[in-house]
């Protein structure tokens, strides 16, 4: 396989997104970069998703799979499982993730391939999202700099990585893919690339488009779900840093260099507020 024209696998995770599914798939088919495949994993949708997917069955670039295993009924873990299953059926040396209610800019895959060609030391790259609020798009800014308290990590549909990266991630530890119900796959992958491997990269291009709906609305700022997810994320970070000396060294270095006191205060405040929320809103 030519390194200058690598096969890219676009993994689409779908669950009950009949309204947006075709838009998502078509944004992949309309890419300016030609050497790609699309792997779609449907996680037992109960809407019209199956009949929509049947319209694409004859397309040579698309492989479609339906979950026939029992679900955990935990959105973050079920979505991760969809991506893991799609990955196993993929062949690309570069992987891009896409939730089925999001869609890509037509030049996204080309820019991802060019990034990995230029930056051989990076295993994962995130691009920036543009999020639609009632039809008006707001472009997220890259807040990562030497003053960043905690790094900005984009959601799943903004993430691409080399194939070996996912293989290493899956082989690393069950902590990364089986615990913490409110920690989504994107955060897990980015933590692994950023803290553990130090092979994290960013593209300051808005190449992924989101709708502000569904699961994202359940995590509105400072609401109970938002606090629980934040607490889960802290616990996830602390556990992985305690299990491996190299990971711990990387994480402790980052915390001490980047306002360690503020980090500890934030963690303590989040822990306290989460307990209060859970007591009041049982």
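Structure above, values below:
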{"read-out": "Single residue of 26, 16 found to be touching a helix residue (DSSP H, G or I) at 6+ places or on another chain (Cβ under 7 Å) and farther than 20 Å from residue 164 by Cα", "value": "16"}
{"read-out": "Unmet criterion (only one of (1) in contact with a helix residue (DSSP H, G or I) (Cβ under 8 Å, 6 or more places away or on another chain); (2) over 17 Å from residue 13 (Cβ atoms); (3) surrounded by 13 or more Cβ atoms within 10 Å (Cβ to Cβ)) for residue 79", "value": "(2)"}
{"read-out": "Those residues of region 1-13 which are under 17 Å from residue 89 (Cα atoms) and out of contact with any helix residue (DSSP H, G or I) (no Cβ under 9 Å at 6 or more places or on another chain), in sequence order", "value": "7"}
{"read-out": "Among residues of region 53-76, those that are more than 13 Å from residue 12 (Cα to Cα) and crowded, with 19+ Cβ neighbours inside 10 Å, counted", "value": "1"}
{"read-out": "Those residues of region 221-233 which are at pLDDT below 75, crowded, with 17+ Cβ neighbours inside 10 Å and either outside any helix (DSSP H, G or I) or under 19 Å from the mean Cα position of the chain (by Cα) (or both), in sequence order", "value": "228, 229, 230"}
{"read-out": "Any hit, region 53-65, residues being free of Cβ contacts under 8 Å to residues at least 24 places away in the same chain and part of a helix (DSSP H, G or I)", "value": "yes"}
{"read-out": "Members of region 183-209 found to be more than 25 Å from residue 240 (Cβ to Cβ) and out of contact with any helix residue (DSSP H, G or I) (no Cβ under 7 Å at 6 or more places or on another chain), listed by number", "value": "204, 206, 209"}
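The values are calculated or read from the model by the stated rules, or taken from the named source; none is laboratory data. Note that the structure is a prediction, hence the values are computed from the model and not measured. So basically every Cβ, Gly included, is an ideal-geometry build from the backbone, and we count neighbours across all protein chains shown.
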